[in-house]
1. Which percent of the Cα-Cα distances in the chain go past 29 Å?
2. At a threshold of 8 angstrom on Cα-Cα distance, excluding pairs fewer than six apart, so keeping six or more, what relative contact order does the chain reach in percent?
3. Can you give the three extents of the C-alpha atoms in the range 47-98 along their principal axes, from longest to shortest, in whole Å?
4. Lysine pairs in the chain 8 or more apart or on different chains: how many have alpha carbons under 27 angstrom apart?
5. Quick one: net charge around E58, please, counting Lys, Arg +1 and Asp, Glu -1 for every other residue with C-beta under 13 Å from its C-beta.
6. Apply the a/c threshold of 1.5 to the C-alpha gyration tensor of the range 87-150 and tell me whether it is rounded, prolate or oblate.
Amino acid sequence: MTNQSTQILDGDAESGINLAIQNLRDNLLIGLPTETVYGLAALASSRLAIAKIFKVKERPTNHPLILHLASYADLDKWTVNVPDYARTLCNAIWPGPLTVILQRSKNVCDEITGFRETVAVRVPNHRVALKLLNSLNDGLVAPSANRFGKVSPTTAQHVVDDLGSDVSLVLDGGVCSVGVESTILDCTLSTPQILRYGAVTTEQIKSICEIDIDLSTGESRASGMLEKHYAPKCRVELAETSDQAQTILNSLIENGLTARVLDYSSDVIFYAQELYASLRRADSLNIDVVVAVMPPNYGLGVAIRDRLTKASTATH
Ligand code: AMP
Ligand code: MG
């Protein structure tokens, strides 16, 4: 639903940042650009605003929020008992698309973590988010600015399209440079586990800190572990090659359906940037089926395959 009354403000202008600070301090929610996707942001100290996030997103409270920090130097304010390898990783990658789960300090309120003793933290690599965070002397919790289970926003307009007046304003920071959500690494276990794939790859993590990494197991602890997520209105069918996609497309069209092929598999960086915008475009054109060509199962391709697979398992 579009609500043109919600303002999109230039995130690089001082006036936009100042109004965002004022709104956050008034317990309102704002749309925040990050390098991954746009976030629905609230002050980490505002229990009232955090409760609004769950309501607006229609998000179950057992899906705790990622806490965004201004810099690595803030880590010890919000976490305790940080393993050395996690320090090495965060120091090397932040600001960047890596979220780590650590034991929380007393500064983290229960509403952020859903009463867990752990907290998910990261430093976003976006000039507007960092400018804001550096002006706050607080953290920002910011899940993706869409309703739970749907496609994430990668432009300011997507946020307004999805949430309308449920956000007080959106800071415009351009198109997200990464385009898929952060990698989540659980660092509270003896062997760390990847809970969600993102632009920071398993190979990169291993090369920085020479640790073993487990694939996620056990009950779902992150939205990235749900089977269905990132779902557009259209059906998504998967193909391993461009030829296979063409065959599927032809048969869909023969059956009277409107369909499009999504294939940037030769350029995974561009694929990630365009993925959600392409699915949104298909929905706005009332396309019945998007046939997505899967990228190679390596590096950033792993994250794209994960999102496409989950989008394809949504029922309609
Ligand atoms: P997002 O869904 O993009 O907001 O990413 C946040 C994900 O990180 C959620 O799916 C959470 O389940 C997961 N998460 C956040 N905090 C924790 C935590 N303390 N322990 C385990 N998972 C967490
Ligand atoms: Mg999300």
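1. Taking all Cα-Cα pairs of the chain, the fraction more than 29 Å apart is 34 percent.
2. 21 percent
3. 36, 21, 19
4. Lysine pairs satisfying the spacing and distance rule in the chain number 28.
5. So the environment of E58 carries a net charge of +4.
6. Because its axes are fairly even, with a/c under 1.5, the range 87-150 counts as rounded.
Just so you know, all these numbers are worked out from the coordinates, no wet-lab data involved. For clarity, every value in this text was computed on a predicted model and none was experimentally measured. Positions of Cβ are backbone-derived with ideal geometry, glycine not excepted, and every protein chain shown enters the neighbour counts.
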